[in-house]
Structures are given as structure tokens and as C-alpha cells.
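One structure is given here, and the rest of the page talks about it.
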Amino acid sequence: MKIIACYSNKGGVGKTATSVNLAYALAARGKRVLLCDLDPQGASGFYFRVKPSKKLTEADFFEDVEKFTKAIRGSDYDNLDILPANMTFRDFDVFLSRMRNSRSRLKKALKAVKGDYDVIVLDCPPNISTLSENVFRAADAVLVPVIPTTLSQRTFEQLLDFFHDHDLPVKKLHGFFSMVQGVKTLHGETMEALRSAHPKRFLTAQVPFASDIERMGVHRAPVMATAPGSAASHAYQALCDEFMARVEE
Amino acid sequence: MSDTEATRYHLPTGAAGLLTDGDMGGLRPVVTLAEAVPFTVLDCFDQSLREAGLLLFAARDRLDLLLPDGRDLSQTGAAGFVGDLPEGPVRDVLAGIVSPLRHLLPVGSGELREGTLALLDDEGKTQARALLHLFAGTGGADVLLATPRGLRGYDAALIRLRERLIACGGAAVEGDALYRALFPDFPLYTNKPALRIAPDETAFQTARAIIASLIPVLRANEPGIIADLDTEFLHDYRVALRKIRSVLSLFRGVFDPDQTMRLKTRVSALMTPTGRLRDLDVYLLEREQIEDLLPEGLSGGLDAMFDLFAAERATAQARLAKHLQSGRYAREIEALRKIFSGGKALRRGAHADIPSHDLACKLIWKRYRKICRMASDIGPDTADTEIHQLRIHCKKLRYLMEFFGPAFPADAFAPLLKSLKKLQDSLGLFNDYSVQQASLRAFVSDLGDHQPHGIAIAQSVGALIAVLHRRQIEERDRIIGSFETFSSPQVRRAFHDLFHREDAPS
Ligand SMILES: Nc1ncnc2c1ncn2[C@@H]1O[C@H](COP(=O)(O)OP(=O)(O)OP(=O)(O)O)[C@@H](O)[C@H]1O
Ligand SMILES: [Mg+2]
């Protein structure tokens, strides 16, 4: 099982759009996927039309594995389940360590309902500083959308520093360029600068700024499901392929 | 299975419109159906898929398999042998059910529309769905098949969905119901017709009924032999003939002795033209196994040998096909059918009126004791011919037990049959090895000098005979072991209790 966190310390960079499409693409490939919506706003749940379920109290979480697994909702797509936003961050690293431990009651409960997963995708909200270290440790890979602007460059480097300072393996970080606008020379220059500064940290695949992606909010479905032939879908597919090749290596 | 938990529902086709009639507890039912595509249901001749409650069909250049547990599998492929299908989930399941020797054949065709029934909530989220298959134009009833697919965390919606399916006339699909609804005229086939033996039935009635049930098996296999679809048609044909012959010889005195003799000759005459083709089939089927027996260096001649077999097989098949299509054959088989159809043509023998059950006990007990007596003498020095004799006795015992099986309680009967089968497997292998050696010797000596690959063939075959001989000796040890079990006090006791009751005539 792989845990993948889609993370950025900056808001509005495309984390949710990426999580939703990555989870969809993996499920379409036959992987059993659980997409965890960690954003209290329930953004990825919104895209799958899943209503936020009743908040699990801390007591439930620790005492009642069954209640927890009951919070999971099947999406409209095969192999893809959603854990709607309903956890406190403090619970969350407990959840992750239990998912890791094959003998935990959580894992056993999931297996019992044939609900064990091949991949867990975490759609992280920005600014989860208290939790982030735990997420980074638990995750096999951290996928970081970066809008190619000067400001984003700083943010990405802060993240690298954070990894160094906390003795986290930098190898886990996989940046990619998000909302790329081909006409903006600034974008091109920033991407070049970042790639040459961190040659191993960036994926080749990038996601363009696309109205199809913006319209996901109208369709309330992954763009890969509603417009599979679009440039945006191809970009997410290429991102998924390249990223997973790295993760599974 | 109760309707509320069914894995699949069978609905009247008119129900498609009703499914979406009105909201269901805040959920909106929506049906989508794709364009109709042609489909063809496939099964092998012995209908293993129907018997297992599966439906396999070809549509859109793919094979779809509907399993009784509600799973739908799909992969590329078409009719043919399962072993020739590309790797895939359908092939994996079929491999466990369909004999590798059987060709998948069309059962019938029609038009199919696939789709879904989804229950949507106020956000437009699907909370439960059923996959729909609308089968039409098969000559049978149109069938709407609904397979519920619950979504995790939406159990209540799934219950609603099932309620709706049931309210629209849906009933759980059981066994081969679907198959029969689609193709009501499709003849059901089994190579082992099940007979019932009434408690007061006479030996004459039973013997006649067994043969009468086997003649349709012969007839059913003729087209497959003629079209050369797979080798099992001929195999089943020969087994049925052999059973007929065994009834004639095992039910001694039940039919008139002179007539029995003539009938045996006639049945043997039907068997004769099938022998060579079956031998060649067996060689060719075993080709891979045989090639594995020899080291690389020695197997060179085998290709040439199998080429000769394949060429001869083509001739033998054509000859048998011609025979089966001849007027003479048609008249003969029809004449035999008439004799056993219950008229006066079949004459009674001295034992005609013995109750079947008593005759069964007598014959089975006698044969079993004979086998035990012979088996107690076998050891490392026993001649092959004696083991061969034993094999024949076991085979006769097996036929007796199969013929009379319905007259005995199944739970007591089945374990005895099982231990006999195990013994027969060893004996069969032993016999195969010895027959193969003999026929390979004959093959080499018939080769003649002008055969271009003669020397290579002779070398390969010589090595092969040596391997077969070793295997035969190994199998022999196994046979001795199996006999020890078969004649053990427990098995003996069981045979005694079932077939040698004190009140029965011995
Ligand atoms: N490649 C893109 N092209 C155009 N619009 C995009 C693209 N990616 C995301 N968007 C839009 O930008 C907005 C923010 O995207 P998204 O919600 O995925 O970012 P986020 O990083 O998850 O934000 P937050 O930090 O608030 O969780 C959304 O309205 C989304 O539709
Ligand atoms: Mg977000």
C-alpha cells in the first residue's frame, strides 16, 4: 500500500484538483484507492458529490474502528472511495500509522469488508503545520503543485528546508508545475530556473491552466471523467504515470 | 437465496419503464441504456457453463462472463478453446469449469442493451446502482437482468434499490434460469443421463432404460464428430457405446441370450470404425506431455512422428464422418433405438424379472469379491496381463455401480465409488503406459525403409519406450498400495453392508 500526500504550504495551487484526478486515474487503472479529504471545507468530497458525514469524535476514532470505516463512502467510480472531511488533524496521524500497521484493528476491519486499499491519496489543506511532519513521515511520496511564479519558488524551497531541518528524506518530494500558462514568459523562466536548481525534484509532466479544470466545480466530477479527451485530462494522466513510476520504483 | 439478498434479478422486460417510476425516499432513479449490440451466448457441448449457472457471451469483440455471485468479468476473445484465449479474468474462471478439450460453441444469439439503473441523491451523487442487461431476440423471452452494485457507505440506498427491483417483478436468478429463459428450445445435454430406479423395478426394465437413455447421447455427439469440433465428441460417443455393450454383457440373462449376442456384435460393429481416430486423438493430445518425457537431443524424431499422426488423423476423421453420414449407419442406429424403445422387439431372458436392486447387490458384491481375491495375490512378480485383467474387472464394477447407483443411498454409495475411481486412475495410467509402448513398437516396425526421417524417429521412439517402461513400473507400486486400501476391512465392510444384506439372494 502506498500513501501519497498532495501538499503545498500555499493555498489555491491545485492540490485538490490534482488529488481528485490522480485518485480517479489510479482507480481507473484498477488500483483500489481511498481519497482522504483532509480539508475541513470538504473540497474533494464536493467534487465527488459526497456529503460530509457526521464528524467523528475523538472517542469514536479511538474506540470504534467500525464507526470509522463506516464514514467511508463509495464514489460513483469503481475502485475509488472517499473519506469525507471529518477528522481532526490530531486523529489523522493516528489514522495513518494504523493504515501502515497491517495488524491494527483498522486494517483488519478494512480487510474484513474487502475494503483494503492499494493507494491512499491525501488531499491536504494548506497550513497544516502542526500535522505536516507526521504526514510527511507517513507518506511514501509528497506531490507538490507549484505555480511557476517567483513566490512559489520561495515556498518550494521552504518546504525543502523543512525536510532538511526535520531529517525527512527529500527524495519523497515530487514537485510539478501547476496552472502553467504557456503565453507567460515569466512562467517559462521560473520553471527553467527551478528545474535547474532542483533537477531531481521536478516531474517532467505539468498541468496547464485549463478552463476544463475550472469547470470541475460545475460538473462536480474529475475532469478525466467528464472530458477524457481534453488536454487537461492528458496532462493529469501523464502526471499520474510519471509520478507513480517514481513512487513504485 | 431470498429475493432481498439476490445477487442478480430477472425482470420482465416491460419493467424497464417502471424502474424509474417515482422517487424513492428522496432518491431519484435514473436508467441509462446503450445502443443494442449483437451478442452470442457460448458454452461447450456438455453445457458445463449452464450447469454451473454461468452465462458467457460474445459481444463487441469481447467475452463477458456473468457469474452467479454477481461478478461480471470481461476480456477480449471469441469462441474456441479456453486454452487459446488471451490471458484474462474470463479465461481464469473458464479454465476451472470448461474442460481444456472442449470447444466453446454458440448456443444462440440476439441483441443486447447494457446500461445502469442509478439512484441519485439531491447532490446528483449515485448512492446505489444496478447494472442492466436487456437481452432480446433470442427466440425465447426477452430478459432484463439487473445486478445490484452497492456503494460503500450507502447501505440504505441499496435496500431501496432491491425493493424497487422486486416491486417491478424482479426475482432472484437461480441456476440456469436465465439460459433457459433466453433459449427455451435449446436441448439440454448431459453425457451421464440420470436415471431413477423405482424400488420394484425389474432388471429388464432397468437395463432397457439405461440403453434407451444412452442412444440419444450417441446421436447428440454425431454432429460434433462430423464437424470435428473437438475430440470429446468422439470420446463421449465411444463411452456411451461401451456402456451399452457393458449393459448387454453385465446384465447376463436379463435379455434373451441369442438376441443379446447379436446385439453385442452390432454394438461392436459401431465401435470398430471409431478406434483408429480415437487412438490418434490420444497421441496428438498427449503430444506435449510426450515431448516433455524426452531430453532435447532425443526428441528430434518426434516432430516427424506427430506429423505422420496428424496426416493420418485427417484421413481417419474424414472416413468416420462419412460413415456417420451414411444411410446404412442411420438405419442401423434407428433400428437399435427402436429395439430399446419399449416395444416387443426386445426379448426377455431367464432373469428378466429379478428386482433390479437385488440383481445389483448380487453383481456388485460378486465382482467386488473377485477383485479382492485377485488383488490379494498381486505383488512385484505379478504379470502385466493379470493387472490388465484386474483393470477390466474394476471397470466392470465401476459400470455396475454407475448403472445401479440410483438404487442406493447416495451418502453410502459415493465414498465407495470414490475409492474405486482412485484405484482405476492408477490402473488406467498403468494400462496407458503399456498400450503406448506396444503401439509405438508397432509404429516403428511399420515405418518402412523409405521413410525419410526413419532413423531419427526410431531413436526418439526407442528412448520414449524406455521412459514409458520406467513409469509403468512406478505406477505398478502405486496400484499395489491402492488395492490395499480398496480391499481393507473398512471398505470391505462398507461393500458388505450395502450389497450383501443377509436377506438378499447371494
Ligand atoms: N490547472 C488548472 N487550470 C485552471 N484552474 C485550476 C487549475 N487547477 C486548479 N484550478 C482552479 O483553481 C482553484 C484552486 O484549485 P484547488 O482547489 O485545486 O487548489 P488547492 O491547492 O486545493 O486550494 P486550497 O489550498 O484552497 O485547498 C479551483 O477553483 C480550481 O478549479
Ligand atoms: Mg484544496
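Quick note: the coordinates plus some simple rules give every number you see, no bench work behind them. If you're wondering where the values come from, they're calculated on a predicted model, not measured in any experiment. Glycine gets a Cβ as well: all are built from the backbone with ideal geometry, and neighbour counts include every protein chain shown.
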Subject >> Under 15 Å from the Cα of residue B:264 - aspartates and glutamates, other chains or at least 8 residues apart >> reply: B:256, B:332
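Using the beta-carbon distance between residue A:200 and residue B:28 and R0 = 51 Å, what value does 1/(1 + (r/R0)^6) give for FRET efficiency, to the nearest 0.05? Walk me through the numbers on the way to the answer.
Values: r = 51 Å, r/R0 = 0.99.
The computed FRET efficiency comes out at 0.50.
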**OP:** Quick one: dipole size for segment B:320-452, taken about the Cα centre, charges +1 on Lys/Arg Cβ and -1 on Asp/Glu Cβ, in debye to the nearest 20.
**Re:** 760 debye
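Where nothing but the Cβ of Lys and Arg (+1) and of Asp and Glu (-1) is charged, how large is the charge dipole of the protein assembly as shown around its Cα centre, in debye to the nearest 20? Could you put the intermediate results ahead of the total?
On the way: 96 positive and 95 negative charges, 417 e Å.
It works out to roughly 2000 debye.
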**OP:** Within a 10 angstrom radius of each residue's Cβ in B:145-152, how many Cβ atoms of other chains show up on average? Whole number is fine.
**Re:** 3
Original post:
Among A:119, B:368, A:208, which residue has its Cα positioned farthest towards the positive end of the charge dipole of the protein assembly as shown, with +1 placed on the Cβ of Lys and Arg, -1 on the Cβ of Asp and Glu, and the dipole taken about the Cα centre?
Top reply: B:368
Original post:
Tell me, what ³J(HN,Hα) does each residue in segment A:223-230 have, in order and in whole Hz, if you take phi through Karplus 6.51 cos²θ - 1.76 cosθ + 1.60 with θ = phi - 60° and put x for Gly and Pro?
Top reply: 4, 5, 8, 8, 9, x, x, 6
**OP:** Starting with the highest mean, order B:193-199, B:93-99 by the number of other Cβ atoms within 10 Å, averaged over the residues of each peptide.
**Re:** B:93-99, B:193-199
Original post:
To the nearest whole number, what is the average tally of beta carbon atoms from other chains within 10 Å of the beta carbons of peptide A:74-80?
Top reply: 4
**OP:** Step through the residues of segment B:202-215 one at a time and calculate ³J(HN,Hα) from phi using the Karplus curve (6.51 cos²θ - 1.76 cosθ + 1.60, θ = phi - 60°), rounding each to whole Hz and writing x for Gly and Pro.
**Re:** 8, 4, 4, 4, 5, 4, 5, 5, 4, 5, 4, 7, 8, 4
Original post:
Taking each residue of B:125-131 in turn, how many C-beta atoms of other protein chains fall within 10 Å of its C-beta, and what is the average?
Top reply: 3
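Rank by packing, highest mean first: peptides B:253-260, B:490-497, with packing defined as the count of other Cβ atoms within 10 Å averaged across residues. Working shown, then result.
Details: B:253-260: 17.9, B:490-497: 14.4.
Ranked from most to least packed, the peptides come out as B:253-260, B:490-497.
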**OP:** Would you work out the relative contact order for segment B:5-134, in percent, from Cα pairs under 8 angstrom that are 6 or more residues apart?
**Re:** 28 percent
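Rounded, prolate or oblate: which fits the protein assembly as shown when a ≥ b ≥ c are the square roots of the eigenvalues of the alpha-carbon gyration tensor, with rounded for a/c under 1.5 and prolate only if a/b beats b/c?
Values: a/c = 2.49, a/b = 2.04, b/c = 1.22.
Taking the square roots of the gyration eigenvalues as a ≥ b ≥ c, the protein assembly as shown is prolate.
With the cut-off at 1.5 for a/c, could you classify chain B from its C-alpha gyration tensor as rounded, prolate or oblate?
Values: a/c = 2.01, a/b = 1.54, b/c = 1.31.
Prolate, since a/c reaches 1.5 and a/b exceeds b/c.
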**OP:** Return one number: the angle in degrees, 0 to 90 and rounded to the nearest 10, between the long axis of the Cα atoms of helix B:257-271 and the longest principal axis of the Cα atoms of chain B.
**Re:** 70 degrees
Original post:
Along the charge dipole of segment B:193-354, Cβ charges K/R +1 and D/E -1, which of B:253, B:305, B:343 sits furthest on the positive end?
Top reply: B:343
Original post:
Say the dipole of segment B:59-151 comes from +1 at the beta carbon of Lys and Arg and -1 at that of Asp and Glu; which of B:108, B:80, B:133 then lies farthest toward its positive end?
Top reply: B:80
Original post:
Which value in nm describes the separation of the simple spin-label points at residue B:314 and residue B:166, placed 7 Å from the Cα toward the beta carbon?
Top reply: 6.2 nm
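Under the rule of -39500 (n - 2.57) per DSSP H run of 4 or more residues, summed and divided by the residues of the protein assembly as shown, what mean residue ellipticity at 222 nm is obtained, to the nearest 500 deg cm²/dmol? Write down the numbers at each step before the final one.
Details: 30 runs with 393 residues, N = 755.
Rounded to the nearest 500, it is -16500 deg cm²/dmol.
Suppose every K and R has +1 on its Cβ and every D and E has -1 on its Cβ; what is the size of the dipole of segment B:18-172 about the Cα centre, in Debye to the nearest 20?
Values: 15 positive and 21 negative charges, 34 e Å.
Here the size comes out at about 160 debye.
Nearest 5 percent is fine: what portion of the DSSP beta bridges confined to the protein assembly as shown is antiparallel? Show your work: numbers first, answer last.
On the way: 57 of 82 bridges.
Approximately 70 percent, going by the DSSP bridge assignments.
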